[in-house]
Amino acid sequence: MYALAPDESGYLYTFNNLYGESTDPNPQYNSGWITAPKLFLWLSYLPAKILTMLGVPDYLAIRMLSIFLMLLSFLILRLRFANSEKRNLSNFIFIFFFVPSIFLWSSVGLRETFLFVEIAAILKGISLLYTKSNKQGSLLIVLGSYGLISTKSYLWACFVVTIVICSLIFYVQKMNKRFMFKLVIASIILPLTMFASTTSVYALSFIFQSDITETGKRSGESVTNLYIDSAGNATTTANPSSSGTDSQDTLDSPKRIEFRGDYTLIALHLYFTANPNSLLTKILSAVKIKAKVDSIWDEKIKLGLITLGSDVKEDTSSLNGQVLQPGIISEPLSMIIPAMNFLFGPSPFNSDAGLAVTIASFESPLWWLLYLTLLLQIIKFRKFKFWEDPPLVVACIFSLGVIAFSALVEVNLGTSFRHRSLLLMPIIFMFLRLKESSLTSKKHSD
């Protein structure tokens, strides 16, 4: 069941058709891995493939890979102080790994944990490169940057813009040109060369022909068509037993209902119907979640059956049913509200929100606390020269780039809510880097 991550089935399809003989020559086109080179996917999914060879189910193998990648990102960012008290204080920040949505994305087979570990590797690599650990730092940057362009090209574009802006800042500050040269080579030149030599012409054209303005104009609605028969049963086809006749011409034939969002509701209802005696159904029944799902389902079906072929667009209980208005790149002020929604929404003080939005809003204060934690760390080490530390500058500008890009392209609350998780690694890195750099500076002054 993929009720909490509907895209996971696409990634599972890619994984299952990636190795050995397959009738699909390009399995990555059926998931978010459209631009990813096969070589990258072969290597990335190899641990999961080994697990399946040992008898682990395929869906569980890619989920275990996600958990491993999240652990790896933790190990990459974690500082190792000799003093146990300082180490415990530093590790406190990792409690935010248990923000509910972060915990979810690191427990399913999506791309999020790939992005987490790639961003962590890049930032840690820049930190090592700046402290003269050239080989280890450069390797982390190259691998992280190559992974980033393979996983999500628009994020890599944000990273490239970040490096260009940071290079100008470092040049004005008359920073070590040797460091700047190595940074550009490891961040842009080598990863782009590796990507161009391993990917397809289709992927390259897809990346370079993308238009951020057109992306922001796409529809934010997630539509699912179901047919409901006279007994209230749902199916995706109008009349499976019909032989060429239009089943909607009869009064007793299934009625089409168009859902805007609500995939989780649909998936849960269909699962409960098909598996009434499963352990999960019994557990969710005992805690009254099944009753709530059934109640919402019945309300939506009644709304949709008012007229033939109607939809439930008016009901916005779903995250993906909440359409957002993105900003316009030629009108910078229009980006303010979308950026605020991205950072701070959904609000827990909205009494008119539906069930899914209300549940998601409970998480928002945790993100506010994360922002406040970083702000307090900046205030605590305010004497430290933030803008003269390249790793901090890169992490800060990259975060601002992610926020700005999201303000331009996020068209529904569901994707905005999920993509906010991309800020976790830069924020944790900045928190730890401030502590590490301030302690290093203090040690040198002593």
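The values are calculated or read from the model by the stated rules, or taken from the named source; none is laboratory data. Being a predicted model, the structure only gives us computed values, none of them experimental. Cβ atoms come from the backbone with ideal geometry, glycine included; neighbour counts cover every protein chain shown.
Values as computed for the structure displayed
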item: Selected residue [of a type in the set (Ser, Thr, Tyr) and at pLDDT below 90] from 107, 22, 44; result: 22
item: Scope the stretch 12-38; condition closer than 20 Å to residue 68 by Cβ and either in the same structural domain as residue 293 (by TED's automatic domain parsing) or among the hydrophobic types (A, V, I, L, M, F, W, C) (or both); matching residues; result: 12, 15, 18, 33, 36
item: Hey, residue 282 under 17 Å from residue 233 (Cα atoms) and modelled with pLDDT of 80 or more or not; result: no
item: Sole exception among (1) modelled with pLDDT of 95 or more; (2) farther than 24 Å from residue 94 by Cα for residue 337, by number; result: (1)
item: Residue tally, condition within 28 Å of the chain's Cα centre (by Cα) and part of a helix (DSSP H, G or I), over the stretch 361-385; result: 16
item: Residues being surrounded by fewer than 20 Cβ atoms within 10 Å (Cβ to Cβ), in contact with a helix residue (DSSP H, G or I) (Cβ under 7 Å, 6 or more places away or on another chain) and under 15 Å from residue 364 (Cβ atoms) - total across the stretch 90-107; result: 3
item: Conditions (1) in a helix (DSSP H, G or I); (2) at pLDDT below 90; (3) of a type in the set (Phe, Trp, Tyr); number of the one not met by residue 13; result: (2)
item: Top-ranked residue of the stretch 110-147 - restricted to ones that are assigned to a loop (DSSP other than H, G, I, E, B) and not basic (Lys, Arg), ranked as modelled with the highest pLDDT; result: 110
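Yes/no per residue for (1) buried (at least 17 other Cβ atoms within 10 Å of the Cβ); (2) touching a residue at least 12 places away in the same chain (Cβ under 8 Å); (3) closer than 30 Å to residue 274 by Cβ:
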site: 7; (1), (2), (3): no, yes, yes
site: 18; (1), (2), (3): yes, yes, yes
site: 28; (1), (2), (3): yes, yes, yes
site: 37; (1), (2), (3): yes, yes, no
site: 43; (1), (2), (3): no, no, no
site: 56; (1), (2), (3): no, no, yes
